[in-house]
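Below you'll find the structure, written out as structure tokens, and then a few comments.
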Amino acid sequence: MTRKPMIGQSISRLEGPLKVTGEAKYAGEYNAENLVYGYVVNSSITKGSISAIDTDDAKKMNGVIEIFTHENRPPTAWFDIQYADMDAPPGTVFKPLKDNIIKYNGQPIALVVAETFEMARYAAMKIKVAYIDEEFETDFKAKLHNERNPKKGLASMLKPPPPKPKGDFEEAYRNSYVQSSGTFKHGTEHHNPMEMFASTVIYQGKGKLKIYDKTQGTINSQLYVANVFGLKMKNVQVISPFVGGAFGSGLRPQYQLFMAVMASLALKRNVRVTLDRTQMFTFGHRPPTIQYTRFGADQNGKVNALYHKASAETSQFEDYVEMVVNWSNMLYPAENTLMESKLVPLDVYSPLDMRAPGGSTGIHAIEITMDELAFKLNIDPLELRLINYSNVDKSSDKEYSSKELRECYLQGAEKFGWSKRNPKPRSMKRGNKLIGYGMATGIWDANRLLARVEARMTSDGKVELKSAVTDIGTGTFTVLSQIASDELGMNLENVTFSYADSSMPFAPIQGGSFTTATVGAAVKTACQALNKKIFKKAASLKESFLSFAQFEDIIFRNGFLILKSDPESRISVVDIFKQLSIKEIKTTNTAMPNPLTSGKKAKAAHSAVFVEVEVDEELGVIEVTRAVTSVAAGKIINPKTAESQILGGMVWGISKALHEETITDHQFGKYMNPNLAEYHIPVHADIHDLSVIFVEEQDQFVNDLGIKGVGEIGIVGMPPAIANAVFHATGKRINDLPIHFERLL
Ligand code: MOS
């Protein structure tokens, strides 16, 4: 009767073998009869209009089928709604090929459709475009004086505005025993998942489409296509079984989807549009920001005044906002606070969520300011965090549903060997290299949304679950299968999880670290409902030992219903199906947070990060030689996939701190390094000893499963911990990211 629970097991990703053997098909790899290929032409100017576009030569070329521009774009429905997709910020969504107006460099202006991708790409070079240039503004730092408040909108539900000012910040700061302040500049970053954006549209006649799309939300892409092209939702099926990374870039439908659908409907053919690496830099990015902090503390290190302001770039057509400045008072319980968030509109495409949007920006500034405070007070940085520890989120005055951050600090410090740190900068050396130890705190929301799941048992006793949710490479469907397996009391082999199809029950876009909590809760609900249905069927059988039993008296094990009080009394589900001559038992259920109670507590995952850097002042090299991240994120369903999430976040944290930046040439308003040769990300040689600790954290409040999510908590604390380690090694505070070595000189 005993059964090893699957929750908590390190199961390898179930789709792993398909991926490593190349059998997993991605959106741009589906074959279809008479498939034709689209290649997108992008604007070479930044602002202005197209005065003429000459496609005659290109059209005459061998294999070219059609060229779409603003001049011959087939009519679209374009509800002039603001929110064309679930992640659209307030404003007006960008409409490819709408007219001849150019709003940003790289804007898609034409689609060439040809028999092969190569023909389409070659023909694209023969298109002659005449532009009328207008003056543009892309220089964030030069246009800071244009900053203004963000518009309010739906997107702010998960991204609340800064908390209201509290107490009297200026007075409290002035009277602080010690003050710490800083200015922090971050550059632009672009998502660079391995898989480029692609859509393969299968034309099924009469406005009916089946679309393989690279996306983080199948229903989101379905909504977009149905709205934009005036199609019925049920006639648009979006499938996305494998996603080669997205990191937020797939939270919005990208323009290759528009292009492929437009061409497919117009030509009544199967069409594929794939973007290339350079084109991956023509939509959405982490915006450049500038932040200002001023923290004040008393002589014991108690923080009593917090000021944090952020200005970030947005486009001229949407107000993309991140939650940058809300975190400090969630971490440190000061009574006097002042937070501001501003936007600077520029002639760029709208920024877009990138792993831990806002958090990875704001926490960098907060945790460096804290480090400086510790330095000025001559208090150990870890000790300063403990002095300011609170189980209450003072920004909302709500108690945390759980917060094992103290354990993160202690276990992380122990594993790292933090006690060996000599507090004096430049005091630790290895050979001719300076060694620095730095630490930082991390925090990320533990949100949950609404989702639906279908559970269906067939007469062979096997169960299939269905959800429209994607698995962007995180292990989502593996962990959801584990949850189902435990709830049903069945082996993993007897549970199938079908997903990433918009015709399946609703799941929101996959992101915000809320997917496992959101869909996991729905899996649990649906499996419970299925068990109840099976129980009722069993109890309805003649002379059943279950006739007088309650649902609670039964356990479900390996396809049997077993009476708890008398384990010999049992019946197999296969028997139930046989006796009743039925083929399946099915249920579809919704799970969502309780609107009456879910807002009563603060909910967040926490982390503590410890980093060792080695700085070679002669060669000009900074290396992260060791890092430990300890995480409190509630119940960890699968330690292996969860650890991979944290490791990935840590690698990205190293990248953000030391490597990654998109450079703009403001003379042209153009990104100058849109490729993986010049857009630096870490290679193996940059990554050394990384370790992850999950501390035990029980939380009955966040959801029935106690899940908080681990997608984003791994990145947030790394950049400040690295910057703090660099300060400890060299005595120099570098507040800007990425940290360029020359700034140390
Ligand atoms: Mo994440 S930036 O919510 O995909």
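The values are calculated or read from the model by the stated rules, or taken from the named source; none is laboratory data. Please read these numbers as outputs of a predicted model, since none were measured by experiment. With ideal geometry, Cβ positions are generated from the backbone for all residues, glycine too; neighbour counts draw on all protein chains shown. Just the protein is used for accessible areas: all its heavy atoms, side chains included, with ligands, DNA and RNA removed. Shrake-Rupley method; radii C 1.70, N 1.55, O 1.52, S 1.80 Å.
Give me the residue from the range 474-496 that is open to solvent by 20 Å² or more (accessible area, probe 1.4 Å) and either part of a strand (DSSP E or B) or within 16 Å of the ligand (Cβ to nearest atom) (or both) and, out of that set, farthest from G559 (Cα to Cα). Explain how you work it out, then say what you get.
Start the filter on the range 474-496 by keeping residues that are open to solvent by 20 Å² or more (accessible area, probe 1.4 Å), which leaves 474, 477, 486-487, 491-494, 496.
Okay, now just the ones that are also either part of a strand (DSSP E or B) or within 16 Å of the ligand (Cβ to nearest atom) (or both), so 474, 496.
On the way: T474: 29, T496: 15 Å.
So, considering only residues that are open to solvent by 20 Å² or more (accessible area, probe 1.4 Å) and either part of a strand (DSSP E or B) or within 16 Å of the ligand (Cβ to nearest atom) (or both), the one farthest from G559 (Cα to Cα) is T474.
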Please count how many residues of the range 163-199 are touching a Lys or Arg at 6+ places or on another chain (Cβ under 8 Å), aliphatic (A, V, I, L, M) and under 30 Å from V271 (Cβ atoms). 2
Yes/no for M196 being open to solvent by 30 Å² or more (accessible area, probe 1.4 Å) and over 22 Å from the mean Cα position of the chain (by Cα): no
If the requirement is being of a type in the set (D, E, K, R) and either assigned to a strand (DSSP E or B) or touching a strand residue (DSSP E or B) at 6+ places or on another chain (Cβ under 8 Å) (or both), which of these qualifies: E454, E414? E454
Exactly one of K210, K206, K185 is within 28 Å of L338 (Cα to Cα), surrounded by fewer than 24 Cβ atoms within 10 Å (Cβ to Cβ) and of a type in the set (K, R), and that one is K185
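State yes or no: is T337 open to solvent by less than 10 Å² (accessible area, probe 1.4 Å) and within 24 Å of A172 (Cα to Cα)? Walk me through how you get there before you give the answer.
Details: open to solvent by less than 10 Å² (accessible area, probe 1.4 Å): yes; within 24 Å of A172 (Cα to Cα): yes.
In short, yes.
Within the range 276-386, which strands (runs of 3 or more DSSP E) (wholly inside it) include 3 or more residues that are more than 23 Å from the chain's Cα centre (by Cα) and either under 29 Å from R252 (Cα atoms) or within 16 Å of the ligand (Cβ to nearest atom) (or both)? Don't jump to the end; show me each part of the working.
Values: elements: 289-297, 303-314, 336-345.
Where strands (runs of 3 or more DSSP E) fall fully within the range 276-386 and carry at least 3 residues being more than 23 Å from the chain's Cα centre (by Cα) and either under 29 Å from R252 (Cα atoms) or within 16 Å of the ligand (Cβ to nearest atom) (or both), they are 336-345.
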Do any residues in the range 701-728 that are farther than 29 Å from V621 by Cβ have Cβ atoms under 7 Å from those of residues that are at pLDDT below 95 and more than 16 Å from the ligand (Cβ to nearest atom), where the two are at least six apart or on different chains, and which pairs are they? G706/Q700
With the structure loaded, tell me whether K424 is free of Cβ contacts under 8 Å to residues at least 24 places away in the same chain and either charged (D, E, K, R) or not in a helix (DSSP H, G or I) (or both) or whether it fails that test. yes
Flagged pairs (Cβ under 8 angstrom, 6 or more apart or on separate chains; first in the range 546-562, in contact (Cβ under 8 Å) with a residue 24 or more places away in the chain and among the β-branched types (V, I, T); second in a loop (DSSP other than H, G, I, E, B) and open to solvent by 20 Å² or more (accessible area, probe 1.4 Å)) are I555/M1; I555/K564; I562/M1
Could you list all residues from the range 565-600 that are basic (K, R) and within 43 Å of the chain's Cα centre (by Cα)? K583, K586, K600
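Collect the residues in the range 448-472 that are open to solvent by 20 Å² or more (accessible area, probe 1.4 Å) and not basic (K, R), keeping them in residue-number order. Break it down into steps so the answer makes sense when it comes.
Here is the first cut: in the range 448-472, the residues open to solvent by 20 Å² or more (accessible area, probe 1.4 Å) are 448-450, 452, 454, 456, 458-460, 462, 464, 466, 472.
Listed by number, the residues that qualify are L449, L450, E454, T458, S459, D460, E464, I472.
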Any chance you could count how many residues in the range 581-636 are among the aliphatic types (A, V, I, L, M), touching a Leu at 6+ places or on another chain (Cβ under 7 Å) and in a loop (DSSP other than H, G, I, E, B)? 1
Consider T516 carefully, then state whether it is polar (S, T, N, Q), within 16 Å of the ligand (Cβ to nearest atom) and farther than 27 Å from P595 by Cα. no
Pick from the range 11-44 the residues that are assigned by TED's automatic domain parsing to the domain that holds P108 and polar (S, T, N, Q): which of them is farthest from T215 (Cα to Cα)? S44
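Is it fair to say D471 is within 16 Å of the ligand (Cβ to nearest atom) and in contact (Cβ under 8 Å) with a residue 60 or more places away in the chain?
Details: within 16 Å of the ligand (Cβ to nearest atom): yes; in contact (Cβ under 8 Å) with a residue 60 or more places away in the chain: yes.
Spelling it out, D471 is indeed within 16 Å of the ligand (Cβ to nearest atom) and in contact (Cβ under 8 Å) with a residue 60 or more places away in the chain.
Which one of F577, F535, F514 is within 30 Å of S360 (Cα to Cα) and either surrounded by fewer than 20 Cβ atoms within 10 Å (Cβ to Cβ) or not assigned by TED's automatic domain parsing to the domain that holds K708 (or both)? Spell out the reasoning first.
Numbers: F577 fails: within 30 Å of S360 (Cα to Cα); F535 fails: within 30 Å of S360 (Cα to Cα).
Step by step, each of F577, F535, F514 is checked, and only F514 is within 30 Å of S360 (Cα to Cα) and either surrounded by fewer than 20 Cβ atoms within 10 Å (Cβ to Cβ) or not assigned by TED's automatic domain parsing to the domain that holds K708 (or both).
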Does the range 255-267 contain any residue that is at negative phi, crowded, with 23+ Cβ neighbours inside 10 Å and within 16 Å of the ligand (Cβ to nearest atom)? no
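Taking the condition of being of a type in the set (A, V, I, L, M, F, W, C) and in contact with a helix residue (DSSP H, G or I) (Cβ under 6 Å, 6 or more places away or on another chain), how many residues in the range 197-225 meet it? Full working, then the answer.
Within the range 197-225, the first condition is being of a type in the set (A, V, I, L, M, F, W, C), and the residues that meet it are 197-198, 201-202, 209, 211, 219, 223, 225.
Filter once more, so that each one left must be in contact with a helix residue (DSSP H, G or I) (Cβ under 6 Å, 6 or more places away or on another chain): 197-198, 201, 225.
Selection size over the range 197-225: 4.
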Is it the case that the range 393-404 has a residue that's of a type in the set (D, E, K, R), assigned to a loop (DSSP other than H, G, I, E, B) and in contact with a helix residue (DSSP H, G or I) (Cβ under 7 Å, 6 or more places away or on another chain)? yes
